[in-house]
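The values are calculated or read from the model by the stated rules, or taken from the named source; none is laboratory data. Since we're looking at a predicted model, the values are computed, not measured. Note that we place each Cβ from the backbone using ideal geometry, even for glycine, and neighbour counts take in every protein chain shown.
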Amino acid sequence: MSGPGFVLAIGLAFIHAFVAKLNISSFISEFRWMSFAGGVSIGYVFLEIFPELSHAQETIEHSSLPWVAYLENHVYLLSLLGLLVFYGLDILALKSRQHNRLKHNHDSTQPAVFWIHLAAFAVLNVIVGYLLQELTDHTLLRCLLFFSAIALHFFIIDHGLREHHQAPYDHYGRWLLTAAIMVGAIAGRSFHLEEAGILAVWAFLAGSIILNILKRELPDETQSCFASFMGGATLYTVLLLVI
């Protein structure tokens, strides 16, 4: 097992496994680095995800996939589906926490909701691990830039899942997500889908990424640093345009 995609998968797996040990707030305010991560993610959405979805739409329109042949806007519908699925799961987790606070005075989700939520993110990580294997034609700098955007995204996701599920996430959840990335990476090295199939999977992933960025990574006006947010967006944009 070698190649940039597999190495990046290992790096992302380490983030899920050990991000709780990285006390970033000890040397930079949480609202500043969260704002910076949000800026990078917004740059990633506008300069990477949206153009890729446009390309994917053209490819899938001319594919022979029977399950998308009758749809007019295949890619955008798949992205919308990804957004709706993960928005629904987030609402489910919030409702579960509210129920536990009222009934048991405990601010975490119920076990069934925990496993449903983690299973969905595990599937997402399998997809990420698989798609990383498609980076073989990219330059090293391009791969590192992609890794940085996804890594910051994973930082925020990990923070949100730990807030929802608390101890169960630390005991089981983070290891499940770590393993899921590597399963996807191994699958990506073992077999390959046709391009239209890969782009369809990517479209679903893009919808979930867009939701999580809009919901978790755009800080509100009371917990934000506009300079950090602008700095993250500008830095990512400049680096992407010059490499």
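Listed values, structure above:
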item	result
Criterion: buried (at least 16 other Cβ atoms within 10 Å of the Cβ), closer than 30 Å to residue 197 by Cα, within 23 Å of the chain's Cα centre (by Cα) and modelled with pLDDT of 75 or more - qualifying residue of 36, 6	6
Sole residue being assigned to a helix (DSSP H, G or I), of a type in the set (Gly, Ala, Ser) and under 30 Å from residue 242 (Cβ atoms), chosen from 151, 119	151
Criterion (without any contact (Cβ under 8 Å) to a residue 12 or more places away in the chain and touching a helix residue (DSSP H, G or I) at 6+ places or on another chain (Cβ under 6 Å)) met by exactly one of 117, 106, 99	106
Segment 172-209: number of residues that are surrounded by fewer than 20 Cβ atoms within 10 Å (Cβ to Cβ) and in contact with a Gly (Cβ under 6 Å, 6 or more places away or on another chain)	0
Candidates 208, 190, filtered to the one that is more than 21 Å from the chain's Cα centre (by Cα) and either of a type in the set (A, V, I, L, M, F, W, C) or modelled with pLDDT of 75 or more (or both)	190
